[in-house]
1. Expressed as cubic angstrom per residue, what is the convex hull volume of the alpha carbon set of the range 154-216?
2. Based on the Kirkwood radius over alpha-carbon pairs, what value in µm²/s does the Stokes-Einstein equation return for the translational diffusion coefficient of the range 174-316 at 20 °C and 1.002 mPa s?
3. From the backbone phi of the range 243-257, what are the Karplus-calculated ³J(HN,Hα) couplings (6.51 cos²θ - 1.76 cosθ + 1.60, θ = phi - 60°) in whole Hz, Gly and Pro given as x?
4. Which length gain, in nm to one decimal place, applies between Glu394 and His255 when the Cα-Cα distance is subtracted from 0.36 nm times their residue separation?
5. Which ³J(HN,Hα) values, rounded to whole Hz and listed in residue order, are derived for the range 358-364 from phi using the Karplus coefficients 6.51, -1.76 and 1.60 in 6.51 cos²θ - 1.76 cosθ + 1.60 with θ = phi - 60°, glycine and proline given as x?
6. When the scattering of the range 220-294 is computed by the Debye formula from its Cα atoms alone, each counted once and equally, what is log10 I(q)/I(0) at q = 0.13, 0.14, 0.22 Å⁻¹?
7. Which pairs break 25 Å Cα to Cα here: Lys167/Lys368; Lys187/Lys410; Lys161/Lys368; Lys167/Lys187; Lys187/Lys403?
8. How much FRET efficiency would the formula 1/(1 + (r/R0)^6) give for Trp162 and Glu231, where r is the Cβ-Cβ distance and R0 is 60 Å, rounded to 0.05?
Amino acid sequence: MRDADILAFFRVLLEDDEFLAKYGEKIAALKRKPSTPKILDSPLSPMPADRGTIPIRSPPGPAPCEAMDTAPPQLYSDDQSGDASSSEEEFQLVEGRKRKAGKAKATMAKKPVAPAPSPSPVPQLTRASPSPRPGSPPTAPTAQAKKQRPPPPIYIQDKGKWTDVSKMCMDRKIHYTNARSCQQGIKVQVPTATDYRDLTRSLRERNVPFHTYALPEDTPTRVVIKRVPKEIATSDVKADLISQDIPVQAVHRLHRARGHIEYDMVLVVCDPSPGHHPIFKIRSVCSLTGISIEKPYKPHLVGQCHNCQLYGHAARNCFATPRCVKCLGQHGTVDCPRPKDRNLCEEPPSCVLCGQAGHPANYRGCPKAILLENYAIFRTQAARNLAHELHVAEVTGQLTMEKRTELFLKNSAIAKEFDKLPCHG
């Protein structure tokens, strides 16, 4: 039915006398009653006992602990008409959220805040370690000790004396983890520094020819001090450094190999230090400022021993039979009967490495020295290639554990080729 038909139907009823006589009083009572908004019942609000009146739901107010002390402000002033006062009775003012929050904060500031209860400590659960079985070896401690570098290897040059050396190690309880034959002799690896010192001392007592490398804690610190005038004696430089509490062993003036032309630089050898050496903190030498302290430059060539003339180690750690650099004799270079002046020599020098005459053992043109130089250059280039491949793999996101292991194994395989080279004499 349309709205027009409904209105027409009510007009007809209001014009009917019988309908007005029967329902007129009720219609008049409804007109006198004030109109109130009808709010649907909610399952959250119970229905009042008197169902004749419909309750008006008030807007949500502050929490009980945040009750406001002052009444809400009126919507209309006193000088307004009666219509406004009647509307105040029918409707309630809904305040904004900001005003409610401001009043709630003010009320909370007036009330004392109770201290928050301290949290009870949570008991830490520790996993009980299983009891060891009877007869089982003692387990290692759980705390992981800092991994230390193993001592350097010891090369016994006379392979025929290895049987006596192994028996000596067994009698004196000197432990070694590995012993194998290589181009330089018998390579022995010991686990601790104590075994290293015991073995080297025993080999020196038995006059067994060997060479090795210095322990990290026994390696002296070497620095180059620049801008020290060559007119100042090295003894004065050493005395000045000792006065500054620097443990100096020796001071040497650097010079050119040919012509013996001295430089304004000195090489200082100091006692080893576990941390940062104090010599790098000095600012003056012999009351001269503006000095520069640097580490010595290491050339990309394998060093040569001045005792046995072999490559790969230094003379201070070599206890092998001395060999001359100018002839094939089994004596030191200082004890060689050949004159120092080449013009007075009747025979050309001979090389103990290749056995040929015409050049000394320290000649870089020796076939075995050329192999060493090529190997040093190749090793340096291999290290650079390894660093480049690691960088590229990291940038491209392909640096996995398998890739890293593959690259390091490749580099270690190149390092192991050093023992196989025939350039060690």
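1. Details: hull volume 5.0 nm³, N = 63.
Cα convex hull per residue, to the nearest whole number: 80 Å³.
2. Working: Rh = 18.0 Å.
Here the translational diffusion coefficient equals 119 µm²/s.
3. Those phi angles translate into 5, 8, 6, 9, x, 9, 9, 7, 10, 10, 7, 7, 8, 6, 5 Hz.
4. Values: separation 139, 0.36 × 139 = 50.04 nm, distance 4.43 nm.
This chain segment gains 45.6 nm when fully extended.
5. Coupling constants for the range 358-364: x, 8, x, 6, 8, 6, 6 Hz.
6. Debye curve over Cα of the range 220-294, log10 I(q)/I(0) at q = 0.13, 0.14, 0.22 Å⁻¹: -0.35, -0.40, -0.97.
7. Numbers: Lys167/Lys368 35 Å; Lys187/Lys410 22 Å; Lys161/Lys368 27 Å; Lys167/Lys187 16 Å; Lys187/Lys403 31 Å.
In this structure, Lys167/Lys368; Lys161/Lys368; Lys187/Lys403 exceed 25 Å between Cα atoms.
8. Details: r = 54 Å, r/R0 = 0.91.
For Trp162 and Glu231, the calculated efficiency is 0.65.
Coordinate-derived values only; no laboratory data. Not measured: the values here are computed from a predicted model. Positions of Cβ are backbone-derived with ideal geometry, glycine not excepted, and every protein chain shown enters the neighbour counts.
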